[in-house]
Amino acid sequence: MMLLLDTNVWMDYYSASRAGHVKAFELIDYASAHGIDLLYAVNSSRDVFYRVAADAKQACREDSGGVLTDAEALAAQAVAWASVEHMHGLATAVGSDESDVWHACKTRSIHSDYEDNLILAAAQRAHADFLVTGDLRLLQHSLVAALNVDDMLAYLRANDSEDTPSEGLALGQKRTSQPENDAPVTR
């Protein structure tokens, strides 16, 4: 299974102060432990780098009364680099090209956010099984199967508890045969 994580999920993962941090960490940890392939749109790494550095700098400013030293700025940049390198170790970047721009422009009548449309293009390019996002509008307008973090975790756990890895079911797919030594399955 392949999950493309939206930028907001990665930001939740790397920023402990964000409301979705615990759930994002839980999802990524679960996926890693169960051999689920994680993906990210290459432009998400740029956004993660920028936001992690900006958040670290802001935290330093708040701690020191508004002053950011050169050493703190360098440390913030080092944290941003470490986050992107870690992200790259956990997941595979999905590249982009002119066709993604075309796709983003052509789908704006369905969903008007250009960056979100690039995420959708990446999910389609990679043939991701799911897009995981915290963006409610993107969930409503996604052209690929999309779930929020909580629902993705529930889906993965439900399949994990019901099926062996070789028997995984696709979303909406029903079991066509009974598992051995189990009561009849009714759905």
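If you go through region 83-132 and keep only what is assigned to a loop (DSSP other than H, G, I, E, B), more than 26 Å from A53 (Cα to Cα), open to solvent by less than 80 Å² (accessible area, probe 1.4 Å) and polar (S, T, N, Q), you end up with just T107. If the condition is being without any contact (Cβ under 8 Å) to a residue 24 or more places away in the chain and in contact with a helix residue (DSSP H, G or I) (Cβ under 6 Å, 6 or more places away or on another chain), then region 117-147 contributes N117, A146. Filtering A93, A80, A73 for residues that are of a type outside the set (F, W, Y), touching a residue at least 24 places away in the same chain (Cβ under 8 Å) and more than 21 Å from M2 (Cα to Cα) leaves a single hit, A80.
Every condition in (1) in contact with a strand residue (DSSP E or B) (Cβ under 8 Å, 6 or more places away or on another chain); (2) at pLDDT below 95 is met by D97 except one, and the failing one is (1). Selection of first residues in region 6-26 that are closer than 18 Å to F130 by Cβ and of a type in the set (A, V, I, L, M, F, W, C) and of second residues that are open to solvent by less than 10 Å² (accessible area, probe 1.4 Å) and not in a helix (DSSP H, G or I), restricted to Cβ pairs under 6 Å at least 6 apart or on distinct chains, gives the following pairs, ordered by first then second residue: V9/V132. When region 1-23 is filtered for residues that are within 8 Å of the chain's Cα centre (by Cα) and among the hydrophobic types (A, V, I, L, M, F, W, C), the ones remaining, listed by number, are L3, L4, L5, V9, W10. Given the residues D37, D55, D47, D12, which is the only one that is under 30 Å from Y114 (Cβ atoms), of a type in the set (D, E) and in contact with a strand residue (DSSP E or B) (Cβ under 7 Å, 6 or more places away or on another chain)? Just one listed residue meets the conditions, D37.
The values are calculated or read from the model by the stated rules, or taken from the named source; none is laboratory data. Everything numeric in this text was worked out from a predicted model, so none of it was measured. Ideal geometry is used to build each Cβ from the backbone, glycine not excepted, and the neighbour counts take in all protein chains shown. The area values use the complete protein model at the heavy-atom level, side chains included, leaving out ligands, DNA and RNA. Shrake-Rupley method; radii C 1.70, N 1.55, O 1.52, S 1.80 Å.
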